[in-house]
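The values are calculated or read from the model by the stated rules, or taken from the named source; none is laboratory data. If you're wondering where the values come from, they're calculated on a predicted model, not measured in any experiment. Positions of Cβ are generated from backbone atoms using ideal geometry, with glycine treated the same way; all protein chains shown enter the neighbour counts.
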Amino acid sequence: MAPWVTAAASGFHALRNRNFRLFWTGQIISLTGTWMQTTAQAWLVLQLTNGSPFALGFVVTLQFIPVMLFALFGGVLADHLPKRSALVVTQTLLLVQAIIFGVLVWTGVIQLWHVYVLAVSQGLITAVDNPLRQAFIYELVGRENLVNAVGLNSMTFHGARIFGPALSGVVIQWIGIAPTLFLNAVSFVPVIIALLLMRAAEFFLASHAPTGSMFTRLKEGLSYASRTPLIFSILLTTAFVGTFGFNFTVVIPLVADNILQTDAAGFGLLSAAMGFGALLAAFALAYMHRISIRRMLLSGALFAVFLGTLALSSSFWLSMGLFVIVGFTGITCVTTASSLLQLNTPEQLRGRVLSINLLLTMGSTPIGGFFLGTLGQLAGIRIAILVCGALCLGGVGIATAYRMRMAQHETVTVVSS
């Protein structure tokens, strides 16, 4: 085999595992549909409200409030439930939610309050589904291939982030929002089939059964995260970046509609540009042999700087380029954080620690989305984005200072694949 072929294949070695290969393939299809619905929902809200930043921020807030409230309990369930069976249930519920959304739009009876209710229902399912999917990766590949599997999973997510919004923009422009939502419903079918086809005997199951009540197990996970300096510094970074930086379901449509004044196709291209940068980061991480907290902090700082720079652009093409950079640096930061958490957390606590990370990156969106939408309404979109960039940079600075203070008490973990 040619050396370049061997080198290229090294970034995909986790796919030699049949169960992970099924999971990964299903995710490509399903996540593309999910991003199509996310894009369609944002565009629908702007249409229903004549471009209101507050309404868009409020919908995002409602969608992620359940994650904020219940993500930690989702992590407890992820450490307790059989993950494959639970995922079949959550994916089926998401399929039903997409069908209901599509029917309401198709029949022309959709109102803003319908979108609010559907956003809450999606958030409730996601609060359980996301910790399950993250913790399930370890069961599929084990420790040896975990870094590569996390990178490939990130690649899938952000590849869908490119294709999903771009496809959604085209579908909306040609035949409307309802077909976009129905396509998302169909996309869950391959995931459910893939889960059912997996071989249970090949799972890497935890050797420690969870004990105690749900609240006892929740307290155990929080205690571990707070008293372990490496874990705490990672979570501190994701708290700021997740709350004030990862509000792209609000940022991108507001930049497209209020600053650049583009149409649905342009909105899709801006979303795809950020997804392209994220995909580049995921590819790079899949081939990296070492990950470190230093890389996470550096990429987080660069993300904050370029997010702030985005607020100064009035050019569509310059904004696209900045979204590529923001996508690259942001995903490098959060994917490195996720890998470090997976590798440095005991297997019996993994679901709970990952659910804390979910709470800080997705569950904090109600705070960040509401903050961004309200500040955008009062002071303008540019000021709001600049302030969010500054807060992200400040958070990374606090985490860096904490790391420097704790360096004498621990050895920084660097993982080799």
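If you check Gly108, Gly102, Gly51 for being part of a helix (DSSP H, G or I) and more than 20 Å from the chain's Cα centre (by Cα), only one passes: Gly102. All but one of (1) part of a helix (DSSP H, G or I); (2) out of contact with any strand residue (DSSP E or B) (no Cβ under 9 Å at 6 or more places or on another chain) hold for Ser314, so report the exception by its number. All conditions are met except number (1).
Pairing each residue of the range 371-385 that is closer than 17 Å to Phe58 by Cβ and modelled with pLDDT under 80 with any residue that is crowded, with 20+ Cβ neighbours inside 10 Å and of a type in the set (Val, Ile, Thr), provided the two are 6+ apart or on different chains, yields C-beta distances under 9 Å for Gly373/Val60; Gly373/Thr61; Gly373/Val250.
In this structure, does Ala304 turn out to be surrounded by fewer than 24 Cβ atoms within 10 Å (Cβ to Cβ), over 15 Å from the mean Cα position of the chain (by Cα) and either of a type outside the set (Asp, Glu) or farther than 30 Å from Gln173 by Cβ (or both)? It would help to see each step written out before you state the result.
Working: surrounded by fewer than 24 Cβ atoms within 10 Å (Cβ to Cβ): no; over 15 Å from the mean Cα position of the chain (by Cα): yes; either of a type outside the set (Asp, Glu) or farther than 30 Å from Gln173 by Cβ (or both): yes.
Criteria not met by Ala304.
Among the residues examined, Ala78 does not qualify as under 28 Å from Leu341 (Cα atoms), touching a residue at least 12 places away in the same chain (Cβ under 8 Å), within 17 Å of the chain's Cα centre (by Cα) and crowded, with 24+ Cβ neighbours inside 10 Å. Condition check for Trp317 on (1) touching a His at 6+ places or on another chain (Cβ under 9 Å); (2) surrounded by fewer than 21 Cβ atoms within 10 Å (Cβ to Cβ); (3) not aliphatic (A, V, I, L, M): one failure, at (1).
Annotation for the range 240-260: no member residue is more than 18 Å from the chain's Cα centre (by Cα), under 21 Å from Ala301 (Cβ atoms) and part of a helix (DSSP H, G or I).
Would a scan of the range 330-338 turn up a residue that is at pLDDT below 85, under 15 Å from the mean Cα position of the chain (by Cα) and among the hydroxyl-bearing types (Ser, Thr, Tyr)? Yes, the range 330-338 contains at least one residue that is at pLDDT below 85, under 15 Å from the mean Cα position of the chain (by Cα) and among the hydroxyl-bearing types (Ser, Thr, Tyr).
The residues of the range 269-296 that are over 18 Å from the mean Cα position of the chain (by Cα) and closer than 30 Å to Ala379 by Cα amount to a single one, Leu269. Quick check, is Gly268 buried (at least 20 other Cβ atoms within 10 Å of the Cβ), farther than 19 Å from Ile234 by Cα, of a type outside the set (A, V, I, L, M, F, W, C) and modelled with pLDDT under 85? So Gly268 fits the description; yes.
Looking only at the range 286-307, residues that are among the basic types (Lys, Arg) and either part of a helix (DSSP H, G or I) or at pLDDT 95 or above (or both) come to 2 in all. On the given criteria, is Pro82 modelled with pLDDT under 90 and under 23 Å from Phe136 (Cβ atoms)? The answer is yes for Pro82. If we scan the range 115-128, do we find a residue that is more than 21 Å from the chain's Cα centre (by Cα), of a type in the set (Phe, Trp, Tyr) and over 27 Å from Leu22 (Cβ atoms)? No, the range 115-128 contains no residue that is more than 21 Å from the chain's Cα centre (by Cα), of a type in the set (Phe, Trp, Tyr) and over 27 Å from Leu22 (Cβ atoms). Here Phe136 fulfils each of the conditions (1) surrounded by 20 or more Cβ atoms within 10 Å (Cβ to Cβ); (2) at pLDDT 90 or above apart from (2).
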